[in-house]
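Let me begin by presenting the structure, written as structure tokens, before commenting on it.
Values in this text are rule-based calculations from the coordinates and carry no lab data. Keep in mind that what you see is a predicted model, and the values were worked out from it rather than measured. FYI the Cβ positions are ideal-geometry reconstructions off the backbone, even for glycines, and counts take in every protein chain you see.
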Amino acid sequence: MPDCVFCKIVSGELPSRIVHQGELVTAFRDLNPQAPVHVLIVPNQHIGGVNDLTAEHTPILAALFAAAKKIASDEGLAQNGYRLVLNQGSHGGQTVVHLHLHLLGGRRMIWPPG
Ligand code: 5GP
Ligand code: ZN
């Protein structure tokens, strides 16, 4: 997707602090972190959001969660816990229309979210 910021990060056209890159997903540090650890995990292929998912995307979804688990462990978050967030659409707070899982950790989260 030519004008998509996360497609450009996946391809390397835009710089980012990548923490994981595999065949199906890429993870990089959020530009505006909301916790001591704030990593975004995105599919390498452009998918706008949850509303665009189909059964064909199942391996990508598995890879997103596998990466989240591995990065949480690598960042030392596994024992104390962490939060995974996926914002969909305007009421969900989605600002970048390329599916992404937020991995937040290193502090205690509050509930309900804003
Ligand atoms: P959303 O609000 O769509 O769920 O989350 C988008 C996230 O992408 C935000 O947390 C924002 O800080 C992050 N972000 C937006 N543009 C960039 C960028 O160019 N580089 C990085 N690393 N993060 C970005
Ligand atoms: Zn994209």
Pairing the Cα long axis of helix 58-74 with the longest principal axis of the chain, what angle in degrees results, from 0 to 90 and rounded to the nearest 10? 30 degrees
Report the GluC sites (Glu not before Pro) located in the range 10-114 that are in a DSSP loop and have at most 12 other Cβ atoms inside 10 Å of their Cβ, or state none. Glu13, Glu23
For Ala66 paired with Gln45, estimate the spin-label separation in nm (one decimal), with each label point 7 Å from Cα along the Cα-to-Cβ line. 1.6 nm
Any chance you could list the semi-axes, whole Å, largest first, of the equivalent ellipsoid that the Cα gyration tensor gives for the chain, using √(5λ)? 21, 16, 15
Student exercise, the chain dipole from Lys, Arg, Asp, Glu Cβ charges, in Debye to nearest 20: 460 debye
Given Asn32, Met1, Gly89, which one lies farthest toward the positive end of the charge dipole of the chain, if we put +1 on the Cβ of every Lys and Arg and -1 on the Cβ of every Asp and Glu? Asn32
Stretch gain in nm, segment Leu86-Asn32, where the contour uses 0.36 nm per residue and the Cα spacing is subtracted: 17.8 nm
